[in-house]
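Report on one structure; see the data block that follows.
The values are calculated or read from the model by the stated rules, or taken from the named source; none is laboratory data. If you're wondering where the values come from, they're calculated on a predicted model, not measured in any experiment. We work out accessible area using only protein heavy atoms, side chains counted, and drop any ligands, DNA or RNA first. Shrake-Rupley method; radii C 1.70, N 1.55, O 1.52, S 1.80 Å.
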Amino acid sequence: MITGGASGIGAAVVHAFAEQGARVVSMDKADPDRHPPDACRALTADVSHRSEVRRTVAEASAGMGGIDVLVNCAGYPVTDAGGALTDQEWRAHFEADVHGLRNMCDACQDELRASGGNIVNVTSVAGFGGDRGMEAYDAAKGAALQLTRALAIDLGPSGVRVNAVCPTVTRTPMGRYVEEDPQKLRALEQAIPLGRIGEPEEVADAILFLASPAARFVTGAALPVDGGVTAWNGQPPLT
């Protein structure tokens, strides 16, 4: 089951799992017609609404005979407004990135315990360190990362693994605000050791690994998919 599956990283994850022969349910706020065609089922729901989530998860589980993997890709786009954020915008980040993630994990826990399954949460490198003018986004992504670790501890005794991938800016509709600004894009590319922004398929590949038996002894991990940006300590050249 993949949230945010209608576009961006979520759509790439749907494709990646489908190519491996998985039966996929794509869940998104968007109209079902916008979901990838290789999703076995496309369902519409808002992850921040607990009742919608429980209804949709029950429907998905009944249709598939259970849930083995939950991938939480749904999120709120960056609001680059610094201290000018309204209370509503601040709350919107947490409703999607933290409360929505918790709602999905809670609703799928029994299914995942029964299947010995696992969860992969898409957070961000923003969970490791702060950005200028992105207080709400950074705070929400940091909370999502800590929630991932706490869930790994709580669900580990049941055999359920919980991990996170932490991308930098990726070539998706959500990252378009950077790509459309040549100055921002160049500055970001210079800060990434591999010299470019990420592709959604590269994040999907990391998710496939964490969800697979190859990662069977990995839980509570936060895997950067960032071209090496988090390897840098931020200091200018000193030699």
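Converting phi to 3J(HN,Hα) with the Karplus coefficients 6.51, -1.76 and 1.60 and the offset θ = phi - 60°, the range 8-14 yields x, 4, x, 5, 5, 5, 4 Hz in sequence order, with x at every glycine or proline. Once the Cα atoms of helix 182-191 and of the chain are each reduced to a long axis, what angle between those two axes, in degrees from 0 to 90 to the nearest 10, is obtained? That works out to roughly 80 degrees. Relative to the longest principal axis of the Cα atoms of the chain, the long axis of helix 50-64 lies at roughly 60 degrees.
Solvent-accessible area assigned to carbon and sulfur over the range 127-218 amounts to 55 percent, based on a 1.4 Å probe. With all protein chains in place and ligands, DNA and RNA left out, the 1.4 Å accessible area ranks Thr86, Thr3 as Thr86, Thr3, largest first.
For the chain, what is the accessible area per residue in Å², given a 1.4 Å probe and the full set of protein chains? Each step should come with its number before you reach the end.
Working: 11640 Å² over 239 residues.
Dividing the accessible area of the chain by its residue count gives 49 Å².
What's the angle, to the nearest 10 degrees (0 to 90), between helix 135-155's Cα axis and the longest principal axis of the chain? Value to nearest ten degrees: 40. Applying the Karplus relation 6.51 cos²θ - 1.76 cosθ + 1.60 with θ = phi - 60° to the range 156-167 yields 3J(HN,Hα) values of x, x, 8, x, 9, 8, 9, 9, 9, 10, 10, x Hz, where x marks Gly and Pro.
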